[in-house]
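Working notes, beginning with the structure itself.
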Amino acid sequence: QTYEPGSVFKVLTMAAALDAGVVTPDTVFTDTGAFEIGGITIRNWDGGAWGPQTMLGCMQNSLNVCLAWVAWHTGAQKFYSYMKAFGIGRPTGLDLDLEAPGRLKVPGDTDWWESDLGTNAFGQSVSVTPLQLASAISAIANDGKLMAPHVVRSIVKDGYQRDTEIQVVSTPVRPETARTLSEMLAVSVQSESYKEALVSGYRIAGKTGTAEI
């Protein structure tokens with residue numbers, strides 16, 4: 001089933017901007033607490049203004065205003081091209097019936113508005129399945145390669161076994177982009193507010209995520 005993913009979607013927004021060369025991890029954005037796009041005003045989860053922030057700070061502090069600016073700066077055409085490459089808005093091809101495709105409105109659709117670019121940047125006005133989003137974000141951990149997800153390892157019939165083939169669906173971002181973003185996400189979770197997500201003996205890359213109902 002589908003849901004609005006909320007702030008975990010910022011991983012894909014930042015991936016698109018980094019890969020397109022729009023920003024670097026050190027790009028500074030001055031967060032005034034509000035960003036207007038398409039006639040609506042985007043605000044942060046706490047309603048606050050966070051001042052000068054690098055892209056790392058924007059991710060670590062999960063700033064809606066910053067990511068809406070990043071998506072706007074990337075541009076609608078490039079942004080939605082990257083989201084499609086990540087598999088958003090279409091079924092993953094999972095080997096189970098009745099998989100929901102999710103919904104990604106794009107420019108040209110009768111119900112797409114410029115404001116959607118701003119809200120999509122932080123995971124609102126877009127719907128995904130949990131598997132769809134897990135597959136997309138896993139591409140960041142896999143040098144930019146989006147893999148076809150499976151729950152079936154193999155099928156045995158009449159004494160013959162057919163193993164599920166490993167399949168690369170697309171390569172949404174370059175390997176260096178994926179590694180850069182993975183490092184940003186790993187540094188992000190080293191702060192005090194992420195301590196419950198850390199696992200002894202492992203280096204974790206992650207992103208907080210809440211959705212607004």
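The values are calculated or read from the model by the stated rules, or taken from the named source; none is laboratory data. What you are looking at is a predicted structure, and each value in this text was computed from that prediction instead of being measured. Heads up, the Cβs are rebuilt from the backbone with ideal geometry, glycines too, and the neighbour counts pull from every protein chain shown. Just so you know, the surface numbers come from the protein's heavy atoms only, side chains and all, with ligands and any DNA or RNA stripped out. Shrake-Rupley method; radii C 1.70, N 1.55, O 1.52, S 1.80 Å.
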Original post:
If you take the residues in segment 186-204 that are open to solvent by less than 60 Å² (accessible area, probe 1.4 Å) and either over 20 Å from Met55 (Cβ atoms) or not in a helix (DSSP H, G or I) (or both), which one is modelled with the lowest pLDDT?
Top reply: Ser191
Original post:
Pick from segment 123-132 the residues that are buried (at least 24 other Cβ atoms within 10 Å of the Cβ) and out of contact with any strand residue (DSSP E or B) (no Cβ under 8 Å at 6 or more places or on another chain): which of them is nearest to Thr2 (Cα to Cα)?
Top reply: Gln132
Subject >> Flag if Glu183 is open to solvent by 80 Å² or more (accessible area, probe 1.4 Å) and either touching a Gly at 6+ places or on another chain (Cβ under 8 Å) or closer than 18 Å to Lys10 by Cα (or both) >> reply: yes
Subject >> The one condition in (1) touching a Ser or Thr at 6+ places or on another chain (Cβ under 9 Å); (2) closer than 28 Å to Lys145 by Cβ; (3) open to solvent by less than 10 Å² (accessible area, probe 1.4 Å) that Cys66 fails to fulfil >> reply: (1)
Original post:
Could you say whether any residue in segment 42-50 is in contact with a strand residue (DSSP E or B) (Cβ under 7 Å, 6 or more places away or on another chain) and open to solvent by 30 Å² or more (accessible area, probe 1.4 Å)?
Top reply: yes
**OP:** Out of the residues in segment 73-122 that are under 18 Å from Gly209 (Cα atoms) and β-branched (Val, Ile, Thr), state the one that is surrounded by the most Cβ atoms within 10 Å (Cβ to Cβ).
**Re:** Ile88
Original post:
Do we find a residue being under 29 Å from Asp19 (Cα atoms), open to solvent by 90 Å² or more (accessible area, probe 1.4 Å) and touching a Ser or Thr at 6+ places or on another chain (Cβ under 9 Å) anywhere in segment 150-172?
Top reply: no
**OP:** State whether the residues of segment 137-149 include one that is at positive phi, outside any strand (DSSP E or B), open to solvent by less than 90 Å² (accessible area, probe 1.4 Å) and among the small types (Gly, Ala, Ser).
**Re:** yes
Original post:
Which fully enclosed strands (runs of 3 or more DSSP E) of segment 1-116 have 2 or more residues being closer than 18 Å to Val187 by Cβ?
Top reply: 28-31, 51-54
**OP:** Collect the residues in segment 87-100 that are out of contact with any strand residue (DSSP E or B) (no Cβ under 9 Å at 6 or more places or on another chain) and not acidic (Asp, Glu), keeping them in residue-number order.
**Re:** Arg90, Pro91, Leu94, Leu96, Leu98
**OP:** Find all pairs meeting these conditions: Cβ atoms under 7 angstrom apart; at least six residues apart or on different chains; first residue within segment 159-184 and in contact (Cβ under 8 Å) with a residue 24 or more places away in the chain; second residue surrounded by fewer than 15 Cβ atoms within 10 Å (Cβ to Cβ).
**Re:** Thr164/Val152; Thr164/Arg153; Thr164/Ser154; Ser182/Ala141
